[in-house]
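So the structure is just underneath, and the comments pick up after that.
Nothing in this text is a laboratory measurement; each read-out follows from the coordinates by a stated rule. Everything quoted here is computed from the prediction, not taken from an experiment. Backbone-built Cβ (ideal geometry, glycine too); neighbour counts: all protein chains shown.
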Amino acid sequence: MNEHNAAAVRTEEVWKIFEQEAEEVQAVRGVSLTIEPGEFTAMAGPSGSGKTTLLNLIGGLTRSTRGGVWVAGQDLTTMSNRNLARMRLDQIGFIFQAYNLLPVLTAAENAEFPLLLQGVDNLKAWRTGVRASCRAVNSSESRSFARWSASRPWYWRMSRPQTSTPPLAMLFSK
Amino acid sequence: MLSRETSIVRLALRNLRRYARRSALTAAAMIVGGALMIFSLSIGDGGHEDWIKSGARMGSGHISIQGPGFKTTRKIEDRLSSAARAAAETALQQAGVVEHIVAVVPQLAIGGLASSTTGARPAQIIGVDPIAEAEFSMLDDKLVEGRYLEPDDRLAAYIGAGMLEALDLRLGSRFVLTAQDADGEISGQLVRVVGVFRSGVPEIDQALIHMPFATAGSWLGSGEDVTTIAVLVDRSRAVPPVTRVLRRELFDEIETGQMDVLTWREASPELDAAVRIDDLGNYVWQGIMFGIIALGIVNTVLMSVMYRKREFGLLQALGFTPRQTGSLVITEGVVLTAISGLFGIALGLFLTWFFFREGLDFSFTWDEDWSFGGIAVDPIIIPMFSARRVLQSLVFILAIGTLASLYPAYRATRIDVAEAMKFER
């Protein structure tokens, strides 16, 4: 297993430059890092220092201007959009700054959505768990997201990434 | 709970419900369009059916079986042989034909000259079986003076008002018909006016003469031979399948040049052109109407995509591929247009049936004497409904919905996920 495959996340001299009208904005400048499986890593910095942009690069939500990004040994810079989507689905868990719930789905459906996309056939066990969790927070799984997010935002932001198969990387932006 | 197979459709349905006002506006355009489409198609088809029926009953039927050259020469030497006539009559009894037949009449039709003491005019002379022809033709209903031919008539003629005036004839007047007989000789026949008709078509009123078949056969020396077997079927849509069966059954006779089986389109190219032109006008009008509706749908769906940029970004962040995102947008467009199109078609059928099933009266724009393509146009149009038209309309509406969703779907696939996640509406 080479170095890239061994690490959960690895970046090498990764840059992200946004072309603005008058000037270019270097949001990420030559960052190199390695995160091993099971490792907990936190990034700290002032607002606008590029923390979220770097997480977006690692999560395959945006592409680097130059440099390399590997997740589970896969080079994100050369991946097709389709494969990036598949990787986000199967190997990365996101906890977003905002609630980012799908407004037309119920709370439980929002939580199970990644499983649906993964094509998990038997959702029975999961749904039993959802009902139990709902009882635990004194609410109903069929409630709309709006009522849920108003009462238990943190719970539901956490629930979605945890429902899918154990991710290789869990990204949390705050 | 959702399931994987139906998740895109369910998401689409819920999105349509969530953005109810926007969906309702788009649906309203499609419902009105669908209703107008069905109304105009039903009225158009009803009008065309009437034209075709009128043309068939004034001439040689929906289908005519003739000698191969008769259509252009109108000469008695191009009549059907008795063997060919027998084969045709057998073919007309076959399954696939007989159940559609309303009337079959033998005709001995030739071009000739009608002369009186005042002058002469070219005439289209048809020897007919009076009883069978009265069932088949509309001419006996157009009587203005005297009576139609009767079985015992011998030297009788039923002529148009135009011919009557041109030859300065009156009811009971005698005049002479001249034509080439079966031996190629010019032969004359004295006849007497027993009835006068006014069809509303000047060309017919000035030229057409009906006379007893037996008299014509004896005059022209053709005996029981006919030039045309005219067939009237129950509806014009039965013409293609019935013609196919007849052509199959009479394959040998057609191949050996003994006869032709002609549809009304082939026998009356002017009427065919009139129907096609009217259809084309109808389609152009519908094309413009649905073009405008499609632009409205593109605008609404595109606005919806822009408004929901963050939502589409989130879907892709969670693992939706760009293709699935585009599919969701197209599904929303297709589902909305399909549902509203169905409502529009149902509304159109109901309104057309409820208000106009007895006919839509256009007599305020044209009178009963208006004619074109050799037929008199009835100012009352009775709509015609058909499952084929409903299906065509639905397919057309679905195609419009799909096409109108393509560009918004393309835009949805091109969303920059990270940018979209920042997007605040």
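Could you point to the residue in B:Gly59, B:Ala87, B:Ala114 farthest towards the positive end of the range B:52-124's charge dipole, with +1 and -1 charges on the Cβ of Lys/Arg and Asp/Glu respectively?
Checked the options; the winner is B:Ala114.
How would you rank B:92-101, B:191-200, highest first, on the average number of other Cβ atoms within 10 Å across their residues?
B:191-200, B:92-101
Would you mind classifying the range B:184-263 by shape? Square roots of the alpha carbon gyration tensor eigenvalues, ordered a ≥ b ≥ c; an a/c under 1.5 is rounded, otherwise it is prolate if a/b is larger than b/c and oblate if not.
Oblate.
Cα gyration tensor of the range B:53-113, axes a ≥ b ≥ c as square roots of the eigenvalues: rounded (a/c below 1.5), prolate (a/b > b/c) or oblate?
Taking the square roots of the gyration eigenvalues as a ≥ b ≥ c, the range B:53-113 is oblate.
How would you order A:42-54, B:230-242 from highest to lowest mean count of nearby Cβ atoms within 10 Å?
B:230-242, A:42-54
Taking each residue in B:309-318, count the Cβ atoms of any other chain within 10 Å of its Cβ, then average. What number comes out?
Averaged over the peptide's residues, the number is 6.
Rank-order B:21-32, B:279-290 by packing density, defined as the average count of other C-beta atoms within 10 Å over each peptide's residues, highest first.
Order by mean packing, descending: B:21-32, B:279-290.
Calculate, for B:Phe251 and B:Arg74, the FRET efficiency according to 1/(1 + (r/R0)^6) with r their C-beta to C-beta distance and R0 25 Å; round to the nearest 0.05.
0.45
Would you tell me the mean number of C-beta atoms belonging to other protein chains that fall within 10 Å of each C-beta in B:409-416, as a whole number?
That works out to 1 on average.
Note down the magnitude of the dipole of the range B:245-290 about its Cα centre, charges +1 on Lys and Arg C-beta and -1 on Asp and Glu C-beta and zero elsewhere, to the nearest 20 debye.
Using Cβ point charges on Lys, Arg, Asp and Glu, the range B:245-290 gives about 260 debye.
Lysines near B:Lys75 by alpha-carbon distance under 28 Å, same-chain residues fewer than 8 away left out - which ones?
Excluding near neighbours in sequence, the set is B:Lys53, B:Lys142.
Test of the criteria: in the range A:1-82, which GluC sites (Glu not before Pro) are in a DSSP loop and have at most 12 other Cβ atoms within 10 angstrom of their Cβ?
A:Glu21, A:Glu23, A:Glu39
Give the order of B:Arg85, B:Arg17 when sorted by the count of other beta carbons within 10 angstrom, beginning with the fewest.
B:Arg17, B:Arg85
When a/c reaches 1.5 or more, the comparison of a/b and b/c decides; with that in mind, is the range B:28-181 rounded, prolate or oblate per its Cα gyration tensor?
oblate
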